[in-house]
Protein chains: 2
Amino acid sequence: MGREMGKGQPRRGRRRGSGPTVSDVARAAGVSQMTVSRVINREANVREETRAKVEEAIAALGYVPDPAARSLAGGGQCRIALLYSNPSAAYLSEFLAGSIAGAAASGAQLGIEHWDGAEGVEALARRLAAHRTDAVLLPPPLCESAALLDALTGTDMPVAQVATGEPSPVAHAVSIDDRAAAEAMTAHLIVLGHRRIGFIAGEPNLTASGLRRAGYEQALASAGITAAPALIRGGNFTYRSGLAAGEALLSLSSPPTAIFASNDDMAAAVVSVAHRRHLEVPGDLSVCGFDDTAMAITVWPELTTIRQPVAEMASAATELLVKAVRARRAGEELAPQHLQLPFAVISRDSVAPPRRSD
Amino acid sequence: MGREMGKGQPRRGRRRGSGPTVSDVARAAGVSQMTVSRVINREANVREETRAKVEEAIAALGYVPDPAARSLAGGGQCRIALLYSNPSAAYLSEFLAGSIAGAAASGAQLGIEHWDGAEGVEALARRLAAHRTDAVLLPPPLCESAALLDALTGTDMPVAQVATGEPSPVAHAVSIDDRAAAEAMTAHLIVLGHRRIGFIAGEPNLTASGLRRAGYEQALASAGITAAPALIRGGNFTYRSGLAAGEALLSLSSPPTAIFASNDDMAAAVVSVAHRRHLEVPGDLSVCGFDDTAMAITVWPELTTIRQPVAEMASAATELLVKAVRARRAGEELAPQHLQLPFAVISRDSVAPPRRSD
DNA sequence: CGCTGTTCTGTTAGCGCTATCCTTCGCCGT
DNA sequence: ACGGCGAAGGATAGCGCTAACAGAACAGCG
């Protein structure tokens, strides 16, 4: 039977005008499709030289892998649910962007699920099952809920906690070294000449809070400064709690020359309190925060703070989950990974040397 | 009976344990895969009897079509890009959540693209093309960039603007009635007894700013109050501009009893200024914002503000784009739609009747 | 009965990618 | 030399689905 009878021209196929495909890249790089695939997936056993050639071709053609095709051919459909509760919204947006990128990169579907705890844990599990969820991504503060974690790890869905201080041994986790970060920030203040450094602790139920406080204390100890208990105040990560703690610290007979708040919201509140008392920031009082959320650059002066690579963390956690799901489907089990990403001290305008180093 | 005769014994396929496929259903129903596909897609030209048989088989096997395969095979692939610039991040998180939901609902892929304007418009267009973007979603403030809009609508990608005051005639748009919202908020203050109501305008380049101001003026006019020009101050949606405008308004010889800021950031700044001057909010000064971003409930007291259903708006815009892309592929053209979603006045603790209605 | 339409249903060939072989090649030890 | 081994990369066959076309079944009409 003459397949190409009517037209001498081979049938155009039903290519979407879309874009370059693996075979285009392969042709351009002078390798096989499979090698391109290997480069994309960062598999081993590809010579550096070959990899470079392929990457060049990818860049030149502006190639982007088709997620649909990937999940069809590869490990198969993978739906991961991002479970969130109380959105510290600035955080969530970066987190979402990261998850989306991670999901896109591994060809997974991302679903957003809200859970406020009112609905029981089992009801949640049922909901996830109905949505054919393969894995669950937990940003703070949900990643700290022991009940939730238990229920989730009880199912056969891999779970990833992001930014928890104390990862569960049965879950994947991505975080920064909160303790080292707090220590670095405190040390920074000490180097500038501050000696009376106030600290506003975070929500006591979150494990990261303890680590941040430990880092602060460690830095003081390393510098030979005795930590005055009066300089440490409790907070719960809200602006309002920062207001109260700030008032308390600045009402001391010998107030601190710098205040390190465990997050940006509380630091912003401290700035507000300082202004109310007609103290200049950073002239009369240095203030620093933690997280580098939108709040940090919203207030004036902009806050010196610790940047967590939230997007990267979310992206890494997402990819981890996809890998876990695929491994599980292949019959293996991916041992819980606990990644730690680097943080950075971001210097802005809310910190300066103390006016008189007494 | 033998397996498929034509081909040799298939080599141990790499079936995922997943679920039943079209061919399972087809075999169970005694029809071809194609017929099953037709039933799934509710195509015409399938006998009622056949359809019933297939549907029965689907139900019996618990078959669910694989979206990845569908979009690979069908033209279904649709990649929509969410283009964002400015870290108006609190807004973005809700926006993202909405877009994701919208994309999932219509089976589209969502990509996040950052653009700060440094890279030229054509470079951006090239990047989008390289990422096989089919349509572009523009949250504020990018949706106001005429240059960008021109460049984008010049391509054959559908574009949707979200929350713009003045939709382009060639783009889709989803917004709220900013003017009516500002009018409602102002009227609310008037009903409480305020007569000297300060207004902080938004970034003059954004069309929504003008509408909000017009709404404010309209409400005053309707109540027979003459708008004192001194009570209107310019701002640009930043906290810092709110600080300056707040200072100016409260320094007037006859200061306002209420200040309506065009967004929450500026309203938060006004609260801060008021506190610095030892004015109680809302006792001595009522303050209200606009947008209901995270900032509104971060500061204390929490802000009375206008809620825009950002997530719904993003979701609606996303679905609109998908529809437009599919229509275009089918050869038709979806005329630009301009949707307007309802807003709501959210009463919190930053507004009260004036102490003495003078 | 042929001849045209009109439904319906089946067949074939991919969509873009990766799993699973398989070949090739260089490097070691004896 | 030789066999053996592991790394690098190629060839091929699908993943589950649908577009496009090719029949088959059935109607009406001369």
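The values are calculated or read from the model by the stated rules, or taken from the named source; none is laboratory data. The shown structure was predicted, so the numbers you read here are calculated from the model rather than taken from an experiment. All Cβ positions, glycine included, derive from the backbone under ideal geometry; neighbour counts span all protein chains shown.
Can you find a residue in region A:345-355 that is farther than 30 Å from A:Ala173 by Cβ and at pLDDT below 90? Yes: one or more hits. Of all residues in region A:21-57, those that are closer than 29 Å to B:Arg329 by Cβ, near DNA strand C (Cβ under 10 Å from one of its atoms), under 32 Å from the mean Cα position of the chain (by Cα) and of a type outside the set (Ser, Thr, Tyr) total 3.
Take region B:162-197 and flag every residue that is among the small types (Gly, Ala, Ser), within 13 Å of B:Ser222 (Cβ to Cβ) and surrounded by 24 or more Cβ atoms within 10 Å (Cβ to Cβ).
First, the residues of region B:162-197 that are among the small types (Gly, Ala, Ser): B:163, B:165, B:168, B:171, B:173, B:175, B:180-182, B:184, B:187, B:193.
So of that shortlist, the ones also within 13 Å of B:Ser222 (Cβ to Cβ) come out as B:180, B:182, B:184, B:187.
The answer is B:Ala182, and nothing else.
In the set (1) farther than 26 Å from A:Thr238 by Cβ; (2) modelled with pLDDT of 85 or more; (3) in a helix (DSSP H, G or I); (4) within 11 Å of chain B (Cβ to nearest Cβ), the condition left unmet by A:Ala123 is number (4).
Conditions: (1) modelled with pLDDT of 95 or more; (2) surrounded by fewer than 24 Cβ atoms within 10 Å (Cβ to Cβ); (3) farther than 24 Å from A:Pro167 by Cα. A:His275 meets all but one. Number of the miss? Unmet for A:His275, out of (1) modelled with pLDDT of 95 or more; (2) surrounded by fewer than 24 Cβ atoms within 10 Å (Cβ to Cβ); (3) farther than 24 Å from A:Pro167 by Cα: (1). Within region B:232-251, being closer than 20 Å to A:His278 by Cα and touching a strand residue (DSSP E or B) at 6+ places or on another chain (Cβ under 9 Å) holds for B:Ser241, B:Gly242, B:Ala244, B:Ala245, B:Gly246, B:Ala248, B:Leu249, B:Leu250.
Selection of region B:248-277 for residues being more than 26 Å from B:Pro141 (Cα to Cα) and under 33 Å from the mean Cα position of the chain (by Cα) yields B:Leu249, B:Ala258, B:Val273, B:Ala274.
Sort out which residues of region B:23-66 are within 8 Å of DNA strand D (Cβ to nearest atom) and within 14 Å of another protein chain (Cβ to nearest Cβ), and write them in order of number. The answer is B:Tyr63, B:Val64, B:Pro65, B:Asp66.
Scanning region A:154-204 for residues that are more than 21 Å from the chain's Cα centre (by Cα) and over 24 Å from A:Pro354 (Cα atoms) yields A:Gly154, A:Thr155, A:Asp156. For A:Ala314, the requirement of being within 24 Å of B:Arg277 (Cα to Cα), surrounded by 24 or more Cβ atoms within 10 Å (Cβ to Cβ) and hydrophobic (A, V, I, L, M, F, W, C) is not met.
Of the set (1) within 12 Å of chain B (Cβ to nearest Cβ); (2) closer than 19 Å to A:Leu341 by Cβ, all apply to A:Asn86 but (2).
Evaluate the following for A:Asp284: is it out of contact with any Pro (no Cβ under 8 Å at 6 or more places or on another chain), in the same structural domain as A:Ile232 (by TED's automatic domain parsing) and at pLDDT 95 or above? Quick ask: steps written out before the conclusion?
Values: out of contact with any Pro (no Cβ under 8 Å at 6 or more places or on another chain): yes; in the same structural domain as A:Ile232 (by TED's automatic domain parsing): yes; at pLDDT 95 or above: yes.
So A:Asp284 passes the test.
The set of residues in region B:278-299 being away from chain A (no Cβ under 12 Å) and within 30 Å of B:Thr164 (Cβ to Cβ) consists of B:Ser286, B:Val287, B:Cys288, B:Gly289, B:Phe290. Residue check: B:Asn86 meets all listed conditions (1) within 28 Å of A:Ala59 (Cα to Cα); (2) within 16 Å of DNA strand C (Cβ to nearest atom); (3) in contact (Cβ under 8 Å) with a residue 40 or more places away in the chain but one, namely (2).
Among the residues of region B:233-243, those that are in a loop (DSSP other than H, G, I, E, B) and either of a type in the set (A, V, I, L, M) or within 11 Å of chain A (Cβ to nearest Cβ) (or both) comprise B:Phe237, B:Thr238. Per the listing A:Ala219, A:Ala261, A:Ala201, the residue uniquely modelled with pLDDT of 95 or more, under 21 Å from A:Ile306 (Cβ atoms), crowded, with 18+ Cβ neighbours inside 10 Å and within 14 Å of chain B (Cβ to nearest Cβ) is A:Ala261.
Condition test on A:Ser99, is it within 25 Å of the chain's Cα centre (by Cα), crowded, with 21+ Cβ neighbours inside 10 Å and within 16 Å of DNA strand C (Cβ to nearest atom)? Taking the combined requirement at face value, the residue does not satisfy it. A residue that is buried (at least 22 other Cβ atoms within 10 Å of the Cβ) and in a helix (DSSP H, G or I) can be found somewhere in region A:105-120. Scanning region A:67-88 for residues that are assigned to a loop (DSSP other than H, G, I, E, B) and farther than 27 Å from B:Ala69 by Cα, which turns out farthest from DNA strand D (Cβ to nearest atom)? The residue in question is A:Ser88. Tell me whether region B:137-155 contains one or more residues that are surrounded by fewer than 21 Cβ atoms within 10 Å (Cβ to Cβ) and within 14 Å of another protein chain (Cβ to nearest Cβ). The answer is yes; a qualifying residue exists.
Checked against (1) in contact with a Lys or Arg (Cβ under 8 Å, 6 or more places away or on another chain); (2) assigned by TED's automatic domain parsing to the domain that holds B:Asn263, B:Asp156 passes all but condition (2).
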